[in-house]
Amino acid sequence: MKDANLDADLTRALALSRDLLAVAERGDVTAVANLDAERLRLLHSMRLKFTNMPADERLMLRKINELNDEAIGLLEHRKRRTEREMDMASTGRRAVAAYGSHA
């Protein structure tokens, strides 16, 4: 028998995952953390209902997982890009200091 509350909760978790991905694309780490926390609370509240889950609800969980992986990838990419930019800025400052003392 299909649990209407579980279906509604999964639908909400999926919507939160889509919102989280959109926020991750913009690079708003604080909003990502807030959405993730809300989604996690919702998924934890459904934990006991996950036994004997219908195929369509398992598919929703799989989609939530895929969106989560995509958001993590975006955030990791943004982190690496920021680290490269900081490294380049540091290298530039050292070069300016080195050449500036010889001028």
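The values are calculated or read from the model by the stated rules, or taken from the named source; none is laboratory data. What you see is a predicted model, and the numbers here were worked out from it, not measured in a lab. Backbone-built Cβ (ideal geometry, glycine too); neighbour counts: all protein chains shown. Remember, those area values only see protein heavy atoms, side chains included, never the ligands or the DNA or RNA. Shrake-Rupley method; radii C 1.70, N 1.55, O 1.52, S 1.80 Å.
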> When the accessible area of segment 1-100 is split by element with a 1.4 Å probe, what percent falls to carbon and sulfur?
Replying inline: 57
> With labels modelled as points extended 7 Å from the Cα through the Cβ direction, what inter-label distance (nm, one decimal) is found for R62 paired with D28?
Replying inline: 3.1
> Expressed in nm to one decimal, what extension gain is obtained for the pair K49 and K79 from 0.36 nm per residue of sequence separation less their Cα-Cα distance?
Replying inline: 7.2 nm
> By Kyte-Doolittle mean hydropathy of at least 0.5 and Cα axial length of at least 30 Å, which whole DSSP H helices of the chain are selected?
Replying inline: none
> Just the Cα atoms of segment 15-68: what Rg and Dmax do they give in Å?
Replying inline: 12.2, 37
>> Can you give me the orientation-averaged projected area of the convex hull built on the Cα atoms of segment 43-103, in nm²?
In response: 5.6
> Does the chain come out rounded, prolate or oblate, given a ≥ b ≥ c as the square roots of the eigenvalues of its C-alpha gyration tensor, rounded meaning a/c under 1.5 and, failing that, prolate meaning a/b above b/c?
Replying inline: prolate
> So how far apart, in nm, are the two label points at L42 and M86 if each is 7 Å from Cα heading toward Cβ?
Replying inline: 3.2
